[in-house]
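Notes follow once the structure below has been shown.
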Amino acid sequence: SAMQALQRVFAKLAELGNDERARPPPGGPELVGAEPGEYVFRLCVPKHTAGFLTCSERTIENLQRESGAKVSVDSHPVMGHHLVRVTAPMQAAGRCLQMLVELIQRQHPADAGESERYKRLINFGAAAAAAGSQGG
């Protein structure tokens, strides 16, 4: 199930984040937050979803208040998608990610079954390389 996969991702992120905390990379940490026990989760959302999340500050504020996580949405899209960062301890991050999924599915029910199509059509590795070559 999706939650079992997410639990495996959380476990691996905790392992790698703890390694990163012990031996910070030269450019600074990418997997851990500023506070002890915080981890950084990144996900891409389509432009219309980012617009929904940011159209009202209350949406982000509610996510943060109800989950205990810090949430930010990059303002510059890459290949029509925005980067969302969730920074929090594991439990708060899990609550926040679940809330994000529920919000997105309620706002865009037609998109709920589109994830498989997205995975085949959008090469996020290429998007990251393109962003890196553009300085973003």
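The values are calculated or read from the model by the stated rules, or taken from the named source; none is laboratory data. In this text, all values refer to a predicted model and were calculated from it rather than measured experimentally. Every residue, glycine as well, gets a Cβ built from its backbone with ideal geometry; the counts of neighbours run over all protein chains shown. Keep in mind that these areas ignore ligands, DNA and RNA; they rest on the heavy atoms of the full protein, side chains included. Shrake-Rupley method; radii C 1.70, N 1.55, O 1.52, S 1.80 Å.
For the reader, a short list of remarks on this structure follows.
- The stretch 2-110: C-alpha gyration tensor shape, a/c 1.5 cut-off, then a/b vs b/c: prolate
- Accessible surface calculations at 1.4 Å, restricted to protein heavy atoms, place the stretch 2-110 at 60 Å² per residue.
- Label-to-label distance, nm, for residues given as V101 and H48 (7 Å Cα→Cβ offset): 2.1
- For the stretch 12-25, the Karplus equation 6.51 cos²θ - 1.76 cosθ + 1.60, evaluated at θ = phi - 60°, returns couplings of 5, 4, 4, 4, 5, x, 5, 4, 5, 4, 6, 9, x, x Hz by residue, with Gly and Pro reported as x.
- Linear extension gain, S56 paired with Q91, 0.36 nm per residue minus alpha-carbon span: 10.1 nm
- To put it simply, the accessible area of the stretch 2-110 at a 1.4 Å probe is 56 percent carbon and sulfur.
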